[in-house]
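Student: Pasting a structure here, questions to come.
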Amino acid sequence: MSLAKERLKERISKEWNAPALVAAYRKWDKEESAWGREATEVIVQRANLEPGMTVLDLASGHGEPSLALAQAVGPEGHVTATDTASELLTIAKAKANRMRLKNMTFRRADGHDLPFPDCTFDRVTCKWGVMYFADYQQALQESLRVLKPDGRATFLAWGRSQKQAQPQPPEPTTSSAFTFSEPGSLTTALREAGYTSVEEEQMAISLVFPGTPERCWEWFVDMSAPFEPANPVSKGAARIRIEDVEQKQHKRALSQVRVGFEKRYDGKQVTLPGVIVVASGSR
C-alpha cells in the first residue's frame, strides 16, 4: 500500500473511531437502523443465503446487516461481524445479546489484512463500506482470499440518480461515498480483484427516518460532524463542512432542509429517495 493510502487508512480509522461518532450511533441507533433497513434487506436477499452457512460481514458498524444475516443463516450457521471501529462493534454485540443471537462473533479487523485463513467463509458481505477502504483493490482481494471455492461476495455502495452530477474520480488521499456510483465501476473493481461471474445492479430504495423533519436534521448533523470532509451542505459549487457552518448559517440551513423534509413527511416519518449499487461476484 502506498504512503498516501496508508495515511488515508489512518484518517478513515480515526474518523470511524471518533468518540463523537460513537456517541451519535448510541443516540440514534434505532433511527440509523431504520434509515438503512431497505438496503439491509437487499444485501441479505442478494447474498443468497442458506441455513448453516458461514458469513463474513465487513464494515459491520453498529450491527447491520450482520444481525439480519445471522437470523437468515439460522442457529446452524455463523456470522463474523468485523469493523475497525471496536466501539461500534460493542453496540452491535449488545444488540445481538438482546436478540439472543448465539451464532455471531464480533472482531475488530482491518479489511486490507483480514485475520482469517484462506477459504474460510461461504459468503462475504459489505454494506456501504467498500467505498471507504483506503485501498479497495487490496481489500477486495482479501475478501476473495477468505471465500471458499464457489463462495460468493456481495457489496453494496451508494449510487446517484440521473439528476445528480456525475462524481469525479476520488483523489488517492480521499474517500467518497460515491466512489462506485458510476454504473459498472464496482463490477470493474471486483473483476480486477479476481472475482468471476460478477453481476451489478443499480436500484432505487426508500430511506426512512422515523421522526420529524427537525429530528431528521439533528440526526444528520450528529452523524456527519466527526468526518473530514463531512457530508456537505451544498450551495452551487460550494462545499461547506457541517462543523464549519456558523450558528446563523446553521439556522438558515435548518429552515431550508425543514421545508424539503416536510414535503416528504407523512406525520410519522420522513421518506427520502435513494439510489444504491449492489454487485456480487464468485470465487
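Laboratory data are not the source of any read-out in this text; all were calculated from the coordinates shown. Small disclaimer: the values here were computed from a predicted structure and weren't measured. All Cβ positions, even for glycine, are placed from backbone atoms using ideal geometry, and neighbour counts span all protein chains on display.
Student: List, in order, the whole-Hz ³J(HN,Hα) value for each residue of region 177-185 obtained from phi through the Karplus relation with A = 6.51, B = -1.76, C = 1.60 and θ = phi - 60°; use x for Gly and Pro.
Tutor: 4, 9, 4, 10, 6, 6, x, x, 5
Student: Same structure, new question: For a quick check of your reading of the filter: which trypsin sites (Lys or Arg not before Pro) in region 10-68 sit in a DSSP loop and have no more than 13 other Cβ atoms within 10 Å?
Tutor: none
Student: For residue 102, project a label point 7 Å along Cα to C-beta. Then give me every residue of region 53-89 with its amide nitrogen under 19 Å of that point.
Tutor: Only 53-55, 67-81 pass the distance filter.
Student: Order these peptides, 77-89, 141-153, 96-108, by their mean beta-carbon neighbour count within 10 angstrom, highest first.
Tutor: So the order, starting with the most tightly packed, is 77-89, 141-153, 96-108.
Student: I've got another one for you. Quick check on my link table: of 30/263; 27/127; 9/148; 30/148, which ones sit more than 25 Å apart, alpha carbon to alpha carbon? Show your work: numbers first, answer last.
Tutor: Values: 30/263 23 Å; 27/127 21 Å; 9/148 27 Å; 30/148 34 Å.
Too far apart for the 25 Å limit: 9/148; 30/148.
Student: Also, I was wondering about something else. Among rounded, prolate and oblate, which fits region 1-135 when a ≥ b ≥ c are the square roots of the eigenvalues of its C-alpha gyration tensor, a/c under 1.5 means rounded, and a/b larger than b/c means prolate?
Tutor: oblate
Student: Return the long-range amide H neighbours of residue 125 (sequence gap of 5 or more, or a different chain), with a cut-off of under 5 Å between placed amide H atoms.
Tutor: 56, 57, 58, 154
Student: If you don't mind, there's one more thing I want to ask. Could you let me know the centre-to-centre spacing of region 1-30 and region 49-68, using Cα atoms, in angstrom?
Tutor: If you average the Cα positions of each part, the centres end up 21 Å apart.
Student: Now, a different point. Within 11 Å, Cβ to Cβ, of residue 122, how many net charges do the neighbouring residues add up to if Lys/Arg are +1 and Asp/Glu are -1?
Tutor: +2
Student: Continuing with the same structure: Can you give me the C-alpha center-to-center distance between region 89-151 and region 265-283, rounded to a whole angstrom?
Tutor: 21 Å
Student: Can you list the residues, at least 5 places off or on another chain, whose amide H is less than 5 Å from the amide H of residue 105, using H built in the peptide plane?
Tutor: For residue 105, the qualifying residues are 79, 80, 81.
Student: Hey, what do the phi angles of region 112-129 turn into as Karplus ³J(HN,Hα) couplings, whole Hz, using 6.51/-1.76/1.60 and θ = phi - 60°, x for Gly and Pro?
Tutor: Once rounded to whole Hz, the list reads 7, 8, 5, x, 10, x, 4, 6, 9, 10, 6, 9, 10, 10, 7, 9, 6, x.
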